[in-house]
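Read through the structure below, which is laid out as structure tokens, and then see the notes.
The values are calculated or read from the model by the stated rules, or taken from the named source; none is laboratory data. All figures in this text were calculated on a predicted structure; none of them were measured in a lab. In this analysis, Cβ positions are derived from the backbone assuming ideal geometry, glycine residues included, and neighbour counts consider all displayed protein chains. In case anyone asks, the SASA skips ligands and DNA or RNA and just uses the protein heavy atoms, side chains included. Shrake-Rupley method; radii C 1.70, N 1.55, O 1.52, S 1.80 Å.
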Amino acid sequence: MTTSLKVSFIWTRTFFQLFDNSCIQNSPYDFFVKPSAYKDKIKSLYTDESSLTLPWKLTGKNNLTNWFWKYYLNDIDPLSAPHETIANRCYPLYVPVRKSLTKQITVNWPSSGGSQNRGSFEGFFYRHGVAVVCTFSVHGCTSLKDAVEQGMSLRHDPLFSIPSTTSNVALTTVGDFCRNLLSEEIKVVTDWFDEEPFSLVTVVEGELNQEAQQGDSIQRALEALACWDKTWEKRELPVLSDHTISMKNNHAADIMYGHANSRVLWIPRLFIPGNNYALFWYSRNLLMATMQVKSFRDFLVRAADADRIKPGTRLGGYARQIGEIIRNMEKGLKTYRTLSAYRQIQDDKKLQAVLSAIS
């Protein structure tokens, strides 16, 4: 049976210019600063024809959305609730705005790749930074090993064309290119902090009812897609249970496998060609949850390192509010609940130190 993957990478950039009075007025993204302007922007994006969109707006079959944002907004459906209600709920939760970057990048798929392979590139704007999400659908792999090799090629090989260079580049350069595009659009970003990417891989088709065991070929594939080590076939495998994260209503063969900056979903009971929409929706939910936590986390840690979280300052107040949001995501209170986010927050010693200091 052929194997298919959905592979995503999240890059973040943190900056502080939109907290400085001397910069704010010179940026077209100054709407992040005032609650009334931010709410007006959210409402306008329901009808605006600009390049910006709401983060839950996705084009495609039936223009479906995912459910992360509904639960993140405390169980309010952003597609059906009054726009005023959504805008009022978005502001204290610091929902980003989105922009498609797909037309800026070309994926030069290997000739051995499936004809259905696709790539998408999204940018997300926050007051404290930007996030870039690169997602690839990899189809028609002849085996799980072949799927891993194709994933490795996407991560490491120069498969991409971007306007700023005449030669093909690797994905890391694409991440930098997209972050630069978004920062240039904000206009006032002069210095920043970039972080290593977080990856999320979902196996969406494969052999049914295969359960991973310690040291077997499935764990080796999961470890490869979590660590992106090009020598993955020779890599010493860790204890399987040490890298397994619990999932709600999981079955014996279901695994969410991961390291500090990666997750791999292996749910073989849902490997149903043409009817595995649940995996796609779950993957998107988890991707958005991971992006929110990562962007907020990177801001808090960088702000603390720069000694910018001070009482009575605009940035200090923002940081405390972000801290409350992260604590709620950690506990699963009035938001999207996943133990992946809990582990992402709980296991991060630097983040926990900042949260303790500002609580």
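What about I358, is it open to solvent by less than 80 Å² (accessible area, probe 1.4 Å), in contact with a Phe, Trp or Tyr (Cβ under 7 Å, 6 or more places away or on another chain) and either under 23 Å from K70 (Cβ atoms) or not acidic (D, E) (or both)? Write out each step before concluding.
Working: open to solvent by less than 80 Å² (accessible area, probe 1.4 Å): yes; in contact with a Phe, Trp or Tyr (Cβ under 7 Å, 6 or more places away or on another chain): no; either under 23 Å from K70 (Cβ atoms) or not acidic (D, E) (or both): yes.
For I358, the condition - open to solvent by less than 80 Å² (accessible area, probe 1.4 Å), in contact with a Phe, Trp or Tyr (Cβ under 7 Å, 6 or more places away or on another chain) and either under 23 Å from K70 (Cβ atoms) or not acidic (D, E) (or both) - is not met.
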Please go through the stretch 180-218 and give me each residue that is under 24 Å from Q104 (Cβ atoms) and either assigned to a loop (DSSP other than H, G, I, E, B) or of a type in the set (S, T, N, Q) (or both), ordered by number. N180, S183, K187, V188, V189, T190, D191, W192, E195, E196, P197, S199
State whether one or more residues within the stretch 325-341 are surrounded by fewer than 14 Cβ atoms within 10 Å (Cβ to Cβ), assigned to a loop (DSSP other than H, G, I, E, B) and touching a residue at least 40 places away in the same chain (Cβ under 8 Å). no
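Here are some residues: L200, L237, L225. Which one is aliphatic (A, V, I, L, M) and open to solvent by 30 Å² or more (accessible area, probe 1.4 Å)?
Details: L200 fails: open to solvent by 30 Å² or more (accessible area, probe 1.4 Å); L225 fails: open to solvent by 30 Å² or more (accessible area, probe 1.4 Å).
Unique residue meeting the criteria: L237.
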Which number in (1) assigned to a helix (DSSP H, G or I); (2) modelled with pLDDT under 95; (3) not acidic (D, E) marks the one condition that W56 misses? (1)
Could you tell me whether the stretch 242-257 includes any residue that is open to solvent by 20 Å² or more (accessible area, probe 1.4 Å), modelled with pLDDT of 95 or more and in a loop (DSSP other than H, G, I, E, B)? no
Kindly check whether there is at least one residue in the stretch 88-108 that is of a type outside the set (F, W, Y), modelled with pLDDT of 95 or more, open to solvent by 60 Å² or more (accessible area, probe 1.4 Å) and assigned to a loop (DSSP other than H, G, I, E, B). no
Among residues of the stretch 303-319, those that are crowded, with 22+ Cβ neighbours inside 10 Å and among the charged types (D, E, K, R), counted: 0
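Tell me which residues, restricted to the stretch 113-122, are without any contact (Cβ under 8 Å) to a residue 24 or more places away in the chain and open to solvent by 20 Å² or more (accessible area, probe 1.4 Å). Can you show your working first?
Of the stretch 113-122, the ones without any contact (Cβ under 8 Å) to a residue 24 or more places away in the chain are 117-120.
Selection gives R118, G119, S120.
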Kindly indicate whether K187 is surrounded by fewer than 17 Cβ atoms within 10 Å (Cβ to Cβ), over 20 Å from the mean Cα position of the chain (by Cα) and closer than 30 Å to A306 by Cα. yes
From the list A212, A260, which one is out of contact with any Asp or Glu (no Cβ under 6 Å at 6 or more places or on another chain) and buried (at least 20 other Cβ atoms within 10 Å of the Cβ)? A212
